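Just so it is clear, none of the values below were taken in a lab; they were calculated from the coordinates. As the structure is a prediction and not an experimental result, all values here were calculated from the model. Neighbour counts run over all protein chains shown; Cβ positions are idealised from the backbone, glycine included.
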Amino acid sequence: FGGFGDVFEDIFENIFTSGRSQGRQSRGQRGSDLQYTIQISLEEAASGKQVELTIPRHAACRTCEGSGAKKGSKPKNCETCLGMGQVRIQQGFFSIQQTCPSCHGEGKVITDPCPDCQGQGRVRESKKITVKIPAGVDNGDRVRVGGGGEAGVHGGGDGDLYVLINVKPHPIFERNQSDLHCEVPISFATATLGGNIEVPTLEGRISLKIPAETQTDKTLRLRGKGIKSIKGHTGDLLCRVVVETPVNLSREQKELLTQFQESLDSSKNTHSPRSTSWFDRVKHFFEDMKF
Ligand SMILES: [Zn+2]
Ligand SMILES: [Zn+2]
């Protein structure tokens with residue numbers, strides 16, 4: 001191949017982490033499997049996608065139809081082993097049987113190699129393959145394309161192509177199997193009084209009911225709003241509520257809040273369940289330590 005071959009070799013090294021065969025291959029061997037990584041979005045993983053890949057690979061040489069012999073010629077019986085593929089070597093008293101070094105066990109040699117593939121029976125080519133990524137695939141899944149790998153040598157079958165799925169991180173959702181998780185900030189007033197807020201799903205916005213007296217870290221489950229897995233199970237959307245502290249308050253708003261706090265302080269009821277239990281625990285801690 002000369003210089004061009006070297007460039008191609010580099011592309012191969014970068015794209016494929018496995019599947020390249022090293023060194024000389026024996027005849028009639030199945031082609032190597034190839035692996036190709038594609039990056040898709042969470043939405044594409046959920047809905048499925050058809051992708052067209054250009055795969056650089058070895059393919060059967062069309063000129064010699066993979067035989068490696070020049071058109072009109074045929075591989076001849078090996079003269080060293082007389083077509084047996086094995087030779088006997090006399091070593092002292094012993095006779096050892098060995099794979100024939102001339103034909104590497106094939107029994108045939110190509111005396112008139114095909115000029116297009118130098119007798120290899122296959123050439124490098126860029127092949128366009130359309131791959132259907134099924135709906136519900138997850139990060140790390142592999143989609144197998146039978147026969148999409150390297151061509152076999154001298155009549156061996158083609159290897160397979162494995163498309164490794166890499167799902168890009170999503171700005172809102174995190175996936176756990178078929179469930180989706182997201183964080184939902186709500187105002188202090190909504191958390192206290194309850195109300196409806198809009199939350200995103202992969203199919204658009206929907207309304208989420210926030211119950212009154214909702215605390216930070218409460219998880220609200222929206223059934224069936226997750227991802228439909230390959231096996232057909234549809235997961236849920238789990239919204240973790242985070243109550244936001246208001247910022248940039250005006251003087252008037254701060255005064256209202258101060259009045260509100262004074263009203264809470266003068267009330268006989270318990271308004272802060274977490275603080276109450278926290279102060280109780282601190283009190284017991286100090287009693288146990290005998291401070
Ligand atoms: Zn050829
Ligand atoms: Zn031989």
Next on the checklist: Please list 3J(HN,Hα) in residue order for region 236-246, calculated via the Karplus relation 6.51 cos²θ - 1.76 cosθ + 1.60 where θ = phi - 60°; whole Hz, with x for glycine and proline.
Outcome noted: 10, 9, 10, 9, 8, 7, 10, 7, 8, 7, x
Item to check | Equivalent-ellipsoid semi-axes of region 34-103, from the Cα gyration tensor, Å, largest first | outcome: 49, 21, 7
Next on the checklist: I want to check the label-to-label distance for Arg240 and Ser275. Put each point 7 Å from Cα in the C-beta direction and report it in nm to one decimal.
Outcome noted: 2.5
Checklist outcome for this item: For Phe286 and Phe94, extending 7 Å from Cα along the Cα-Cβ vector and measuring point to point gives, in nm, a value of 8.9
Item to check | Those residues of region 41-74 whose amide nitrogen sits under 17 Å from the label point placed on Thr130, 7 Å along Cα→Cβ | outcome: 48-55
Checklist outcome for this item: Shape descriptors of region 17-170 over alpha-carbon atoms, Rg and Dmax in angstrom, are 21.1, 73
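If you restrict to DSSP beta bridges whose two residues both lie in the chain, what percentage is antiparallel, to the nearest 5?
75
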Item to check | Segment Asn139-Leu257, extension gain: residue separation times 0.36 nm, minus the distance between their alpha carbons | outcome: 37.8 nm
Item to check | For the chain, Cys with no neighbouring Cys Cβ under 4.7 Å | outcome: Cys182, Cys239
Next on the checklist: Using only the alpha carbons of region 174-266, what is the convex hull's orientation-averaged projected area in square nanometres?
Outcome noted: 7.2
Checklist entry - By DSSP, what percent of the beta bridges with both residues in region 174-266 are antiparallel, rounded to the nearest 5? => result 65
Item to check | Relative contact order [Cα under 8 Å, 6+ residues apart], the chain, whole percent | outcome: 18
Next on the checklist: Let's test this: bin the Cα-Cα distances of the chain at 10 Å from zero up to the farthest pair and state each bin's percent.
Outcome noted: 5, 17, 17, 14, 12, 10, 9, 7, 5, 3, 1, 0
Checklist entry - Rounded to the nearest 0.05, what FRET efficiency do Glu79 and Gln35 have when you use their Cβ-Cβ distance and R0 = 41 Å? => result 0.50
Next on the checklist: Cut-off 10 angstrom, C-alpha nodes, Gaussian network model of the chain. Which of Val143, Val199, Val167 fluctuates the most?
Outcome noted: Val199
